Amino acid sequence: MSSKGGDFIIKSTESSSVFIPENWNEEQKMLKQMIFDFCDKEIHVLENEPIAANDLPAIVQTLEKAASLGLCGIAIEEKYNGSNLDFNTGLLYMEAFAYGFSFATTIGTHVSIGSLPIVYYGNDYQKEKYLPKIATAEIKTAYALTEPSAGSDANSGRTKAIINEEKNCYLLTGQKMWITNSGFADLFIVFAKIEDDEKLSAFIVEKDFGGITLGEEEKKLGIKGSSTRQVFFEDCPVPMENLLGNRNDGFKIALNILNSGRIKLSAAAMGGAKFSMRKAVSYSNERKQFGKCISEFTAMQYKIGEMARQIFSAESAIYRIGRNIDIKEEELKDSGTPSKEVKLKALREYTVECSLMKVYASEVLDYCVDESLQIHGGMGYSVETKIEMGYRDARITRIYEGTNEINRMLSFGELMKKGFQTKEIDIKAITKKIPLQFFLKAIGIQKKSENQMIENFKYLFFILSKYATDAYGRALEHEQEIIMNLSDILAEILVLESTFLRVEKLKNSQQTNDIKMKENIKKLQFYESNSKIVQSAQIIFDSLPKKSILLKYAIQLFSIKPTINPISLRREIALYFINNKEFYL
């Protein structure tokens, strides 16, 4: 199967070709369980989570214990003491570690953005020097990109690297902020401009080089168990051989590493959402009011059923994408692509999907922690249950790895670039079909299958994109509200199709366990996706300077009218989880 990022919007996919979470093998399940056991033993037994400002040694000790189990080198080659997990298993790892509260941020930084720049861009000398000690957590890592004046606009950073030929080094001067793990990191991946360059370069900077001072621990809303500080560099001497990649490659390195971080964050968000739902189900079965468990009240069932729908559907897309990235790596290897470029190119291929799922999953997490707290009532507001901690911790996921607003605009922009600039995907092929599909739909002879419903949404996306582009031309990039609505439609299509394909694959493979519940989730997902797509489409229509009757008709024509009872379906879904203590989540 040829793997190509972004092409879900232009073609149909066979259910047999997608990966679904029900297909995890025993080794992968064991990894997940090992992480759960580690978190139970090292984190959940504590009365209070260690706070970085007060107990850095405890956080460092936990990281070192994880390393002793081989959990700190998941993306590092075996010859450098790592386990080199495939990408999709790496996503499962991130999901599992969400069970570790804010320690997930600590270890996630170490194994991802703190070390991947060396894994992907380091030369042999750099890899041999640093990766074995990173895998064992003898060297602890941080990623220093953000500055007070450079957040989403990363390339506007002011940190400078001046060449000192006499000492054969760069002298690094500048300020970085919101740097995770900075309170104890031995090594920083630092982005700075060499001399008067317009673009960033990247450097491997050891704390022992000198010229580095740290600010105090930030007082944060959440993830208080992770270290977050400002880092100041003043004539920090960085050896010439510690330039990472080529000069001026820093911005490219930053974007590619963040792209990896986005899809990993979406998996971690699923872990947090599942934890929230488990807590909600458990509490609703224990708490009694008016003579019965609150799980018997349909208002509570709505919340549980909706959590289940959102989690199931989002994870269907996340692991479909993760497997596609692995497939792309295999294709690139077979085509003779240099080994050091394989992982990077595979990640770049799925930029659109990574951005879409970062947004979607982080908002699923926010819904789940909010409603879990609501189900807990006053106890949820208390520190005792740790639900309020999850509520606070979740909020950062819509901000880091690129804000959700930035990622919404990025996903649409990257898709259009692939379609019309690089022509990596054939957008024109689907747009040519629109007139015929419009005619077939109008006269009522188009197929009414679920697969066709998904195709109709794809046609509607391109119709809306065309009218928006015709209305604004190049100025469309400044109409951010319209672009964000188009991105939301794109995300709903990806998630809906992934949910549909997952359930179809289960039915075709005769995996009947839980199939009725999953079929109900699929039906409910069609209903909810239709509502959200129509709402976004209507906002776009109402906001265009000229109102086209044809566009208004297209919105009505290419949306669907699901004949289901959403309240009844949610209750059925909720009751499955309420009555099954050991469920798949």
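Rounded to whole Å and sorted largest first, what semi-axes of the equivalent ellipsoid does the C-alpha gyration tensor of the range 471-529 yield via the square root of 5 times each eigenvalue?
On the way: eigenvalues 255, 21, 7 Å².
Whole-Å semi-axes of the equivalent ellipsoid: 36, 10, 6.
Between the amide H of Ser182 and those of Arg229, distances stay under 5 Å, these residues lying 5 or more places away or on another chain, with hydrogens modeled in the peptide plane.
For a label point 7 Å from the Cα of Glu477 along Cα→C-beta, name the residues of the range 401-424 whose backbone N is under 12 Å from it. Answer for this model: 410, 413-414, 417.
So between Glu47 and Ile399, what do we pick up on full extension, going 0.36 nm a residue minus the alpha carbon distance? List each step's numbers first, then the result.
Working: separation 352, 0.36 × 352 = 126.72 nm, distance 2.87 nm.
Extra length from Glu47 to Ile399 when fully extended: 123.9 nm.
Counting every other Cβ atom within 10 Å of each residue's Cβ, Asp55, Asp86, Asp393 order from fewest to most as Asp55, Asp86, Asp393.
Shape descriptor for the range 125-207: Rg over Rh equals 0.99 (Cα atoms; Rh from the Kirkwood inverse mean 1/r). With contacts taken as Cα pairs under 8 Å at a separation of at least 6 residues, the chain carries a relative contact order of 15 percent. Temperature 25 °C, viscosity 0.890 mPa s: under these conditions the Stokes-Einstein estimate for the range 400-497, based on its Kirkwood radius over C-alpha pairs, is 168 µm² per second.
Looking at the square roots a ≥ b ≥ c of the eigenvalues of the Cα gyration tensor of the range 7-77, which shape do they give, rounded for a/c under 1.5, prolate if a/b is larger than b/c, or oblate? Prolate, since a/c reaches 1.5 and a/b exceeds b/c. In whole angstrom, note down how far apart the Cα centers of the range 1-39 and the range 415-484 are. For the range 1-39 versus the range 415-484, the Cα centre distance is 28 Å. Dividing the mean sequence gap of close Cα pairs (under 8 Å, 6+ apart) by how many residues the range 142-244 holds gives a relative contact order of 32 percent.
The GluC sites (Glu not before Pro) of the range 142-220 that DSSP puts in a loop, and whose beta carbon has at most 12 other beta carbons within 10 Å, are Glu165, Glu166, Glu195, Glu198, Glu216.
Beta bridges per DSSP, both residues in the range 108-197: antiparallel share near 50 percent. Along the range 536-544 the Karplus relation, 6.51 cos²θ - 1.76 cosθ + 1.60 evaluated at θ = phi - 60°, assigns HN-Hα couplings of 5, 5, 5, 4, 4, 4, 5, 9, 6 Hz to successive residues, with x for each Gly and Pro. Extension gain for Phe232-Glu198 works out to 10.1 nm (0.36 nm per residue, less the C-alpha to C-alpha distance). Full extension of the chain between Asn168 and Ala429 gives 88.5 nm of extra length, using 0.36 nm per residue less the Cα-Cα distance. Viscosity 0.890 mPa s, temperature 25 °C: give me the Stokes-Einstein translational D for the range 437-585 in µm²/s, with Rh taken as the Kirkwood radius over C-alpha pairs. In µm²/s, the coefficient rounds to 144. For Ile223, the residues whose modelled amide H falls within less than 5 Å of its own, excluding neighbours fewer than 5 places apart on the same chain, are Asp393. Phi angles across the range 394-403 convert, under the Karplus curve 6.51 cos²θ - 1.76 cosθ + 1.60 with θ = phi - 60°, into 3J(HN,Hα) values of 5, 4, 5, 5, 8, 10, 7, 6, x, 4 Hz, Gly and Pro given as x.
Among residues other than Ser152 whose Cβ falls under 14 Å from its Cβ, what is the net charge (Lys/Arg +1, Asp/Glu -1)?
Working: positive: Arg262, Lys358, Arg398, Arg408; negative: Glu147, Asp153, Glu401, Glu405.
With Lys, Arg at +1 and Asp, Glu at -1, the neighbours total 0.
Contact order for the range 22-139, expressed relative to its length and based on alpha carbon pairs under 8 Å spaced 6+ residues apart, stands at 31 percent.
Based on the convex hull around the alpha carbon atoms, the range 200-326 presents an average projected area of 12.4 nm². Here the Karplus curve 6.51 cos²θ - 1.76 cosθ + 1.60, taken at θ = phi - 60°, turns the phi angles of the range 152-168 into couplings of 5, 8, 4, 6, 8, x, 9, 4, 10, 10, 9, 6, 10, 5, 4, 9, 6 Hz, with x standing for Gly and Pro. Rg and Dmax, both from the Cα atoms of the range 72-193 and both in Å, are 15.6, 50.
Each 20 Å bin from zero up to the one holding the largest Cα-Cα distance in the chain carries the following percent of pairs: 20, 53, 26, 2, 0. In this structure the amide hydrogen of Glu147, modeled in the peptide plane, comes within under 5 Å of the amide hydrogens of Met177, none closer than 5 places in sequence on its chain.
For the chain, what does the helix formula give at 222 nm: sum of -39500 (n - 2.57) over DSSP H segments with n ≥ 4, over the residue count, nearest 500 deg cm²/dmol?
Working: 19 runs with 326 residues, N = 585.
Taken over the chain, the calculation gives -18500 deg cm²/dmol.
Scattering from the range 22-139 was approximated by placing one identical point on each alpha carbon and applying the Debye formula without solvent; log10 I(q)/I(0) at 0.11 1/Å stands at -0.36.
Neighbours of Leu91 by Cβ distance under 13 Å: Lys/Arg scored +1, Asp/Glu scored -1, total +1.
Please work out the FRET efficiency for the pair Asn513 and Glu14, using the Cβ-Cβ distance as r and a Förster radius of 25 Å; give the result to the nearest 0.05.
Details: r = 22 Å, r/R0 = 0.89.
Here the calculated transfer efficiency is 0.65.
For Lys79 and Glu26, a Förster radius of 22 Å and the Cβ-Cβ distance give a FRET efficiency of 0.25, rounded to the nearest 0.05.
When each of the peptides 242-249, 549-556 is scored by how many other beta carbons lie within 10 Å of its residues on average, the order from highest to lowest is 242-249, 549-556.
Rule-based calculations on the coordinates, nothing more; no lab input. Nothing here was measured: the structure is a model prediction, and the numbers come from that model. No Cβ is skipped: glycine too gets one built from the backbone with ideal geometry, and neighbour counts run over all protein chains shown.
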